[in-house]
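Asks: Provided herewith is a single structure, encoded as structure tokens, for subsequent inquiry.
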Amino acid sequence: MINGSKKYIITTWGCQMNEHDSEKMSGILETLGYISTDIKEEADLIIFNTCLVRENAELKVYGNLGELKALKRHNPDLIIAICGCMMQKKEIRDIIKEKYKFVDIIFGTHNIHKLPELIANHNQHTRMIIDVWEDAGNIVEGMPAKRKYGFKAFVNIMYGCNNFCSYCIVPYTRGREKSREPEDILSEIRELANEGCKEITLLGQNVNSYGKTLTSKMSFAQLLYLINEIEGIERIRFMTSHPKDLSDELIYTIRDCHKVCEHIHLPFQAGSNRILKHMNRKYTKEQYLDLVKKIKSEIPNISLTTDIIVGFPGETEEDFMDTIDVVKKSEFDSAFTFIYSIREGTPAANMENQIPEDIKHRRLKTLLDTLNPISHDKNLQYLNTIQEVLVEETSKTDSTVLSGRTRTSKLVHFKGDKDLIGKIVKVKIDNTKTWTLEGMLIDG
Ligand code: SAH
Ligand code: SF4
Ligand code: F3S
């Protein structure tokens with residue numbers, strides 16, 4: 001009954017948590033008989049899954065919502081729903097209620113499982129339905145998910161965050177930290193493996209503190225050992241790691257579990273101890289650099305990536321030079337860089353000495369000028385090496401070119417047949433660029 005099926009589009013902003021929530025919503029909608037479409041004019045349901053970390057993402061949501069108004073005029077039966085982190089803030093819900101009255105359903109990060117009920121309720125009466133929970137309650141298990149790829153998948157191991165970094169809105173939008181039971185995680189991964197999945201990425205805002213909320217305690221390292229045993233799974237990735245909780249046990253586990261990939265995303269945010277303290281990060285520059293040294297000596301071919309914020313309130317030129325110093329000493333493979341932006345409701349929003357925009361932009365440029373040559377040199381070390389690559393897709397511009405990722409998460413382009421998608425192949429690297437590698441297939 002494809003022709004009679006209702007069609008949906010989900011637009012997603014933000015991190016992998018949101019991406020995976022959207023996969024779950026797709027799974028739920030498809031069990032209700034919906035099918036996905038890319039054409040807005042055809043859609044019966046449009047969902048915006050929003051993010052609050054990046055100011056740009058927030059502004060884009062308002063811009064895109066404006067566009068939907070015309071669509072709704074042409075198709076009054078269209079259901080428009082907004083969810084995700086932005087909706088956890090009452091002030092933002094009030095703006096939607098006031099200025100975007102054509103929105104049908106608002107829900108939050110803790111109750112995506114209620115989507116079928118919200119749609120059914122909407123069909124019964126026409127006013128805006130708002131259902132946002134302040135906290136998660138019990139973890140809801142068994143939600144279907146329609147994943148983008150069959151061969152790689154995100155798996156949540158925990159929800160929420162307890163760290164309250166002073167700039168960050170996530171603890172307010174995702175609630176308190178809560179770990180999933182290991183058995184639930186393992187059975188989800190076993191099922192994925194049975195369906196042919198080869199690579200999993202374990203998701204949590206701070207995976208290193210996994211297990212603290214369980215009745216029978218378990219560390220993240222112990223969980224990795226259990227996942228490492230699952231037949232069919234060939235690669236295990238995880239994000240994000242908080243430096244304050246990255247234990248020696250975990251470093252040895254990454255080194256010793258052969259399926260755990262040689263890549264750690266280890267945000268340091270700022271180099272100055274004074275700024276780190278104001279950020280409430282709970283480590284010093286020296287501790288971070290020691291940790292990097294230890295990781296690199298235990299796992300020599302490790303790829304290290306990070307998040308960095310420039311222009312946190314009160315950041316002086318000297319503080320910023322500490323950030324540059326950490327970048328030079330740590331030699332990151334790549335980094336996500338952020339210009340500090342005020343998130344209302346967080347402690348840093350009320351701090352004095354907010355940094356002018358032009359200084360923030362100048363610092364960002366200096367930071368990128370420091371990071372990029374390092375990324376370039378790191379990639380150069382791959383020249384003439386043979387890499388194991390999980391093939392992900394064909395190039396958009398040339399269907400004879402494939403792309404995939406190394407264990408260290410480097411993107412590789414090479415010529416090959418699209419039948420290789422989903423397989424792990426060997427590629428000899430014959431050219432390197434700052435962000436990508438190029439090579440030749442040596443073994444199908
Ligand atoms: N849980 C992860 C990251 C979550 S948010 C962690 O702790 O590493 C992703 C990144 O957004 C953060 O690492 C930080 O670098 C950036 N970020 C968060 N709030 C920000 C803000 N107010 N301004 C600029 N960057 C911010
Ligand atoms: Fe935000 Fe800090 Fe939690 Fe990461 S650890 S989500 S930066 S509060
Ligand atoms: Fe954004 Fe929410 Fe993730 S605020 S970064 S989508 S947890």
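Asks: Looking only at region 38-56, filter to residues that are over 14 Å from the mean Cα position of the chain (by Cα) and farther than 25 Å from His74 by Cβ; which one of those is surrounded by the fewest Cβ atoms within 10 Å (Cβ to Cβ)?
Replies: Among them, the one singled out is Asn56.
Asks: Okay, moving on. Under the condition of being at pLDDT below 95 and open to solvent by less than 10 Å² (accessible area, probe 1.4 Å), which residue from region 172-187 is farthest from ligand 3 (Cβ to nearest atom)?
Replies: If we take residues in region 172-187 being at pLDDT below 95 and open to solvent by less than 10 Å² (accessible area, probe 1.4 Å), then Gly175 is farthest from ligand 3 (Cβ to nearest atom).
Asks: Run Arg190 past the list (1) open to solvent by less than 20 Å² (accessible area, probe 1.4 Å); (2) closer than 27 Å to Thr408 by Cα; (3) out of contact with any helix residue (DSSP H, G or I) (no Cβ under 8 Å at 6 or more places or on another chain); (4) not acidic (Asp, Glu) and report the number of the one that doesn't hold.
Replies: Going through (1) open to solvent by less than 20 Å² (accessible area, probe 1.4 Å); (2) closer than 27 Å to Thr408 by Cα; (3) out of contact with any helix residue (DSSP H, G or I) (no Cβ under 8 Å at 6 or more places or on another chain); (4) not acidic (Asp, Glu) one by one, Arg190 breaks only (1).
Asks: Related question: Filter region 327-377 down to the residues that are of a type in the set (Lys, Arg) and open to solvent by 70 Å² or more (accessible area, probe 1.4 Å) and list them by number.
Replies: If the condition is that a residue be of a type in the set (Lys, Arg) and open to solvent by 70 Å² or more (accessible area, probe 1.4 Å), then Lys328, Lys329, Arg362, Lys365 are the ones that fit.
Asks: Which residues, counting only those in region 83-109, are within 16 Å of ligand 2 (Cβ to nearest atom) and of a type outside the set (Ser, Thr, Tyr)?
Replies: Gly84, Cys85, Met86, Gln88, Lys89
Asks: Does Gly4 satisfy the condition of being more than 16 Å from ligand 3 (Cβ to nearest atom) and over 27 Å from the mean Cα position of the chain (by Cα)?
Replies: Here the answer is yes, as Gly4 does meet what is asked.
Asks: Of (1) without any contact (Cβ under 8 Å) to a residue 24 or more places away in the chain; (2) part of a loop (DSSP other than H, G, I, E, B), Leu383 satisfies all except one. Which?
Replies: If we test Leu383 against (1) without any contact (Cβ under 8 Å) to a residue 24 or more places away in the chain; (2) part of a loop (DSSP other than H, G, I, E, B), just (1) comes out false.
Asks: Sticking with this one: When you go through (1) without any contact (Cβ under 8 Å) to a residue 40 or more places away in the chain; (2) crowded, with 17+ Cβ neighbours inside 10 Å; (3) more than 16 Å from ligand 2 (Cβ to nearest atom) one by one for Asn75, which number turns out not to apply?
Replies: With respect to (1) without any contact (Cβ under 8 Å) to a residue 40 or more places away in the chain; (2) crowded, with 17+ Cβ neighbours inside 10 Å; (3) more than 16 Å from ligand 2 (Cβ to nearest atom), Asn75 is out only on (2).
Residues checked against (1) part of a helix (DSSP H, G or I); (2) open to solvent by 20 Å² or more (accessible area, probe 1.4 Å); (3) at pLDDT 95 or above:
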site: Gln205; (1), (2), (3): no, yes, no
site: Leu214; (1), (2), (3): no, no, no
site: Ile254; (1), (2), (3): yes, no, yes
site: Asp290; (1), (2), (3): yes, yes, yes
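Asks: Suppose we filter Ala153, Ala136 for residues that are open to solvent by less than 30 Å² (accessible area, probe 1.4 Å), modelled with pLDDT under 90 and of a type outside the set (D, E, K, R); which single one remains?
Replies: Ala136
Asks: When both residues are 6+ apart or on different chains and their Cβ atoms are under 6 Å apart, which pairs have a first residue that lies in region 249-278 and is over 15 Å from Leu304 (Cβ atoms) and within 16 Å of ligand 2 (Cβ to nearest atom), and a second that is open to solvent by 60 Å² or more (accessible area, probe 1.4 Å) and at pLDDT 95 or above?
Replies: No pair meets every condition.
Asks: Name the residue that is farthest from ligand 1 (Cβ to nearest atom), counting only residues in region 7-23 that are in a helix (DSSP H, G or I) and open to solvent by 30 Å² or more (accessible area, probe 1.4 Å).
Replies: Glu19
Asks: Still on this model: Look through region 24-37, keep the residues that are open to solvent by 10 Å² or more (accessible area, probe 1.4 Å) and in contact with a strand residue (DSSP E or B) (Cβ under 7 Å, 6 or more places away or on another chain), and return whichever of them is nearest to ligand 2 (Cβ to nearest atom).
Replies: In this case the residue turns out to be Ser26.
Asks: Still on this structure, please answer the following. Which one of these is in contact with a helix residue (DSSP H, G or I) (Cβ under 8 Å, 6 or more places away or on another chain), more than 26 Å from Trp435 (Cα to Cα) and outside the structural domain of Leu437 (by TED's automatic domain parsing): Arg363, Arg343?
Replies: Arg343
Asks: Let me ask another. Which one of these is away from ligand 1 (no atom under 16 Å from the Cβ), more than 23 Å from Gly404 (Cα to Cα) and in contact with a helix residue (DSSP H, G or I) (Cβ under 6 Å, 6 or more places away or on another chain): Thr253, Thr213?
Replies: Thr253
Asks: Please list, ordered by first then second residue, the pairs with beta carbon atoms under 6 Å, 6 or more apart or interchain, first in region 84-98 and closer than 14 Å to Arg343 by Cα, second open to solvent by 50 Å² or more (accessible area, probe 1.4 Å) and within 10 Å of ligand 3 (Cβ to nearest atom).
Replies: Partner pairs satisfying both residue conditions: none exist.
Asks: For the subset of region 39-61 comprising residues that are in contact with a strand residue (DSSP E or B) (Cβ under 7 Å, 6 or more places away or on another chain) and either more than 16 Å from ligand 3 (Cβ to nearest atom) or of a type in the set (Asp, Glu) (or both), which member is nearest to Lys6 (Cα to Cα)?
Replies: Asp44
Asks: Take the residues of region 151-161 that are part of a loop (DSSP other than H, G, I, E, B) and in contact with a helix residue (DSSP H, G or I) (Cβ under 7 Å, 6 or more places away or on another chain): which is farthest from Pro267 (Cα to Cα)?
Replies: Only one residue fits best here, namely Ile157.
The values are calculated or read from the model by the stated rules, or taken from the named source; none is laboratory data. What you see is a predicted model, and the numbers here were worked out from it, not measured in a lab. Counting neighbours? That spans all protein chains shown, and the Cβs are built from the backbone with ideal geometry, glycine included. The protein model used for the area step is the full one, side chains on, heavy atoms only, and it has no ligands, DNA or RNA in it. Shrake-Rupley method; radii C 1.70, N 1.55, O 1.52, S 1.80 Å.
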